[in-house]
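This report concerns only the one structure given below.
The values are calculated or read from the model by the stated rules, or taken from the named source; none is laboratory data. A quick note: this is a predicted structure, and the numbers were derived from the prediction, not measured. Ideal geometry is used to build each Cβ from the backbone, glycine not excepted, and the neighbour counts take in all protein chains shown.
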Amino acid sequence: MNKFIIAVYKFITAPRLRYSLVFEGLRRLFFTYTSREIAMRRIMQWAFFRKLNGDYMEFGVFQGDSFTKAFHFSKFARLSSMKFFAFDSFSGYPPLEGVDKECGYFEEKAYLCSLDDFKSNLLGNRVDMDREKIVQMPFNELNKYAKGKIESKVASVVWIDCDLYKATLDALDFLVDYIADGTVIVFADWFACNGSPDLGQPLAVHEWLSKNPTIKLIEFFNFGEKAYIVSIPKNKKNDF
């Protein structure tokens, strides 16, 4: 019996099998989390252990993949009161302007997914539609038409996946009244322009912090998706 077990062990750990396309496919499908799943699991665990009794907001939801992950990982973290807000125009990238043209990565109308398809994907992946709210509009209209009109008082977890410099800055400007000390903000496309501080999300964050000097971002982790924890002085902060 021992010889048989040893033989099986040697067979499955042999490089020709261990590094085969078959084993790699099995690992990716069944035995490992993607970087986004790792990130989502960690931020939901943070929200639970820090007792951040706020909601989840995602800017740029596309087909709902990250949004679905957020819902299910919130269940694992026992965040039963968390509500989920999806912000998107559902019309793809707008016409590119300024530095967003310089990046060389973005294309107008990319990441287009209809609202109906987004809802269908959520239903198919068992997201509780009673706990989600969709805000459909361009991000440059959020401050004018959505601020103060959504049901959330504060966000404990924010996922910014709208890629572009301008869209990210618009989302952050909207968020000022919805973040608090301890809020986690994840920038899913921090390195889309090779991490250049003069392009994309890094530029948007730099300008936003310059406009809001009482807000500090403390780096939390970097799995390709870069996460920060919001730090606001006690006399300036919102409360969870």
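Could you pull out the residue among 197, 213 that is in a loop (DSSP other than H, G, I, E, B), surrounded by fewer than 17 Cβ atoms within 10 Å (Cβ to Cβ), of a type outside the set (A, V, I, L, M, F, W, C) and modelled with pLDDT under 95?
197 is the lone residue from the list that is in a loop (DSSP other than H, G, I, E, B), surrounded by fewer than 17 Cβ atoms within 10 Å (Cβ to Cβ), of a type outside the set (A, V, I, L, M, F, W, C) and modelled with pLDDT under 95.
Please determine, by comparing only the residues of segment 146-184 that are in a loop (DSSP other than H, G, I, E, B) and hydroxyl-bearing (Ser, Thr, Tyr), which one is surrounded by the fewest Cβ atoms within 10 Å (Cβ to Cβ).
152
In segment 107-145, which residue that is touching a residue at least 60 places away in the same chain (Cβ under 8 Å) and crowded, with 17+ Cβ neighbours inside 10 Å is farthest from residue 71 (Cα to Cα)?
Once the filter is applied, the top-ranked residue is 139.
Listed here are the residues, each with its yes/no results for (1) under 29 Å from residue 41 (Cβ atoms); (2) within 15 Å of the chain's Cα centre (by Cα); (3) not assigned by TED's automatic domain parsing to the domain that holds residue 52.
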position	(1), (2), (3)
142	yes, no, no
157	yes, yes, no
170	yes, no, no
183	yes, yes, no
187	yes, yes, no
193	yes, no, no
200	yes, no, no
207	no, no, no
218	yes, no, no
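Tell me which residues, restricted to segment 49-83, are under 22 Å from residue 145 (Cα atoms), in contact with a helix residue (DSSP H, G or I) (Cβ under 6 Å, 6 or more places away or on another chain) and buried (at least 24 other Cβ atoms within 10 Å of the Cβ).
Those that are under 22 Å from residue 145 (Cα atoms), in contact with a helix residue (DSSP H, G or I) (Cβ under 6 Å, 6 or more places away or on another chain) and buried (at least 24 other Cβ atoms within 10 Å of the Cβ): 56, 58, 59, 61.
Please determine whether any residue of segment 84-101 is assigned to a helix (DSSP H, G or I), touching a helix residue (DSSP H, G or I) at 6+ places or on another chain (Cβ under 7 Å) and not aliphatic (A, V, I, L, M).
The answer is yes, given that some residue of segment 84-101 is assigned to a helix (DSSP H, G or I), touching a helix residue (DSSP H, G or I) at 6+ places or on another chain (Cβ under 7 Å) and not aliphatic (A, V, I, L, M).
Wholly within segment 1-52, which helices (runs of 4 or more DSSP H) include no fewer than the required count, namely at least 1 residues that are modelled with pLDDT of 90 or more and either outside the structural domain of residue 220 (by TED's automatic domain parsing) or in contact with a strand residue (DSSP E or B) (Cβ under 8 Å, 6 or more places away or on another chain) (or both)?
Ranges flagged: 35-49.
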